[in-house]
Each structure stands twice: as C-alpha cells, then as structure tokens.
Amino acid sequence: MRLEDRRHVKTSEDRSFLVWLGVISLAFGWLLWPFSGALLWAALLAIIFAPFYRRCLEPFPEWRNVAALSTVIVVVVMVLIPVGVVIASLVDQGGELYQRVQTGEINLAHPLQRLKAALPDWAASLSDRLAGIDLTALKERLSSLVVPAGQQLAGHAINIGQLTLEFVASLLVMLYLLFFFLRDGDELSLRIRDALPLRASHTARILDAFTLAVRGTIKGIILVAMIQGALGGLIFWLLGLTAPLLAGAVMALLSLLPVVGSALVWVPAGLYLLLSGAVTKGIILLAFGTFVIGLADNFLRPILVGQSIRMPSYVVLLATLGGLATFGANGFVIGPLVAAMFLTAWQIFVGSKERQEVRK
C-alpha cells in the first residue's frame with residue numbers, strides 16, 4: 001500500500017473513532033442525566049471542602065479513605081442536617097402564614113384603606129377616578145392571589161419535606177460520589193487535564209478559573225445570601241412579625257439576584273407596617289434593611305471571595321436569571337459558572353491574539 005493510501009486510511013480511522021467517541025460520550029451523558037444534580041453538587045462540595053480533606057490527610061497521608069469519610073460526615077453535619085431542619089421549619093411557618101391570610105388575620109387591603117383615609121378628599125376622589133380603586137374588590141383579588149400561592153408553596157414544601165424516593169436516591173448518590181471525588185480528586189483533575197484537547201497552559205488556566213469560580217460563587221453569592229437571609233429573619237423575629245424564618249429564607253433566595261435582592265421583601269414589609277399603623281416597627285425594619293442587610297453584600301463579598309474570579313453585577317444577574325430559567329433550581333450555581341468560563345475563555349483568546357500581534 002502506498003504511503004498516501006496509508007495516510008488516507010489512518011485519517012479515516014481517526015475521524016471514525018472521534019465520531020464514535022462523541023456518540024458514546026453523549027449516550028453516557030444521557031444515561032447519567034437523571035443524576036445530573038447529584039453529580040453537580042458532589043463536584044461543587046468536593047471543590048469547596050477539598051482544603052479540609054487535605055488538612056485531615058496531613059497527619060496520615062496514606063489514610064485517604066478515612067479523610068474522605070470524615071469530610072463527608074462534616075458535610076452532612078454542617079450542610080445537610082441544618083438544611084433539613086430549616087426546610088421542616090419552613091413547612092410549619094408557611095402553613096401558619098397561609099392560615100392567617102385565609103382567616104383574614106393578615107389583611108392585605110388594610111394598609112391601602114389607611115392610605116386612602118389619610119389622603120385629602122380631592123386626592124382620594126382623584127385616585128378613585130384615575131385608578132378605579134375598589135377596595136373591596138381589591139381585597140378579594142389580593143386574597144384570591146395570595147391564598148392559592150400559599151397553597152402551592154405549602155404543597156411544594158410538603159413534597160420536599162416528605163423526601164421522596166427520588167430525592168433520597170439522589171442524596172445518597174451525591175454523598176457516594178462526594179467520597180470518591182474527595183479521595184481521587186487529584187487523579188481526576190490530572191486525567192481531565194490530559195483529556196482536554198487544549199494547550200497545557202490554556203487547560204491549567206481554565207481549570208484554575210473553574211475552581212476559583214466555584215469557590216467564589218459559593219462564598220461570594222450563596223454564603224452572602226444566607227447571611228442576608230439570616231439578618232432578615234432575625235429582624236423579623238425581633239420585631240415580632242409573622243413567619244420570620246420563611247421571610248429570611250425568601251430574602252436569602254432573592255439575595256442571589258444582585259441589585260434588587262432581599263429588598264423585594266423588607267421594603268414592602270416595611271411599607272406595610274407603616275401603612276398599618278406600626279410606624280416604629282416599619283421605620284426600624286426599613287432602616288435595618290437599608291444599613292445592615294443592604295450593605296452586608298458590599299462588606300462581606302470582597303472578604304469572602306478574596307482572589308476568586310470577579311464579575312460585574314449585571315453579568316451575575318443575567319447569568320443567574322438565565323441559569324434559573326434554563327436549569328431550574330441548580331441554575332443559580334450553573335449560570336454564574338458558565339458566565340465565569342465564558343469570560344475566562346475570551347480573556348485567553350484576547351491574550352493569545354495580543355501576543356501574536358506583538359510577535360509580528
């Protein structure tokens with residue numbers, strides 16, 4: 001066989017192998033897709049708790065299984081058990097809030113009635129003509145919106161609290177994978193570096209950026225959101241307001257979104273208190289939200305993120321919303337990670353292009 005024919009056969013074989021490799025990889029990914037959430041969180045927790053695992057490994061380097069198992073136990077105690085307790089409490093407070101709205105103990109139209117009563121006669125009549133305000137109809141409409149929303153929220157909370165078989169299976173798979181990701185993390189990282197069809201310098205930079213992005217996302221976004229939610233729940237509890245834990249959890253979730261964040265909870269709640277006659281409580285809540293909850297992000301994020309990758313707030317906002325819309329609950333982590341990888345890839349590309357221009 002001639003040399004050209006041999007090269008042609010070799011090229012065809014390589015292309016066929018790459019096609020087969022792509023197809024079998026897609027099939028394997030499709031096979032694992034039901035446990036994609038477990039894989040994601042196992043990888044994220046392994047990256048976050050890797051320093052703790054290495055610290056456990058220092059006295060006895062050969063006891064990798066013991067160090068990995070100890071780290072998994074710490075994750076269960078520090079993360080999973082508190083989350084389970086919070087979810088159970090949310091179920092109780094969500095049901096209590098729903099009952100108070102349904103029985104009329106919490107009257108959403110009452111502040112509007114007080115506001116209208118405080119207006120001059122000409123302003124009240126003008127508002128009626130311009131907006132067509134019917135307080136009775138408004139009360140019924142607000143109740144018709146809040147009650148089904150409370151029922152739906154309580155239903156979802158109960159479903160989560162009951163821990164279905166699928167959730168338990170995913171949780172066990174996550175802990176199982178976390179053990180091996182911790183124990184064999186260094187070897188897996190080397191294999192990924194070798195498998196990626198990129199330059200060694202580019203691969204190292206991308207993986208380092210991914211690790212920094214994970215830690216920056218968890219510490220700079222999730223942890224800050226949890227702190228803001230805790231502060232919000234604390235002030236609700238100190239003021240004797242309804243469902244402080246539920247309010248704190250909602251504020252923590254909304255704090256994942258930059259710019260608006262937890263203000264979507266404490267601002268309406270503060271205005272509700274002012275219009276309901278609880279002026280002191282309303283002023284305290286609005287002041288605490290402005291100067292403590294609102295500014296916590298500015299002080300804590302630089303300390304917690306440290307040298308991790310930084311992104312503009314509008315990029316984080318768009319990435320988080322896009323991630324939630326595309327991937328569901330896991331999207332609030334996936335979105336910022338994809339954005340971080342996007343920015344890193346373009347930084348590498350621009351840097352390479354600039355170096356090529358300098359050489360010319």
* To do: Mind grabbing the accessible area of Ser89 for me, 1.4 Å probe, Å², rounded to tens?
  => 40 Å²
* Ordering Arg205, Arg215 from largest to smallest accessible area (1.4 angstrom probe), what's the sequence? -> Arg205, Arg215
* May I ask you to rank Trp41, Trp346 by accessible area, largest first, using a 1.4 Å probe over the protein chains only? => Trp346, Trp41
* **Solvent exposure, largest accessible area first (probe 1.4 Å, DNA, RNA and ligands not counted), of Arg191, Arg54** => Arg191, Arg54
* Asked: Of the listed peptides 173-179, 196-202, what is their order by residue-averaged count of other C-beta atoms within 10 Å, with the highest listed first?
  -> 173-179, 196-202
* Structure fact -> Descending packing, highest mean Cβ count within 10 Å first, for 332-343, 63-74 is 332-343, 63-74
* Prolate/oblate/rounded call for region 39-85, Cα gyration tensor, a/c under 1.5 rounded -> prolate
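The values are calculated or read from the model by the stated rules, or taken from the named source; none is laboratory data. None of these values were measured; they are calculated from a predicted model. Don't worry about glycine lacking a Cβ; one is built from the backbone with ideal geometry, like all the others, and counts go over all protein chains shown. In case anyone asks, the SASA skips ligands and DNA or RNA and just uses the protein heavy atoms, side chains included. Shrake-Rupley method; radii C 1.70, N 1.55, O 1.52, S 1.80 Å.
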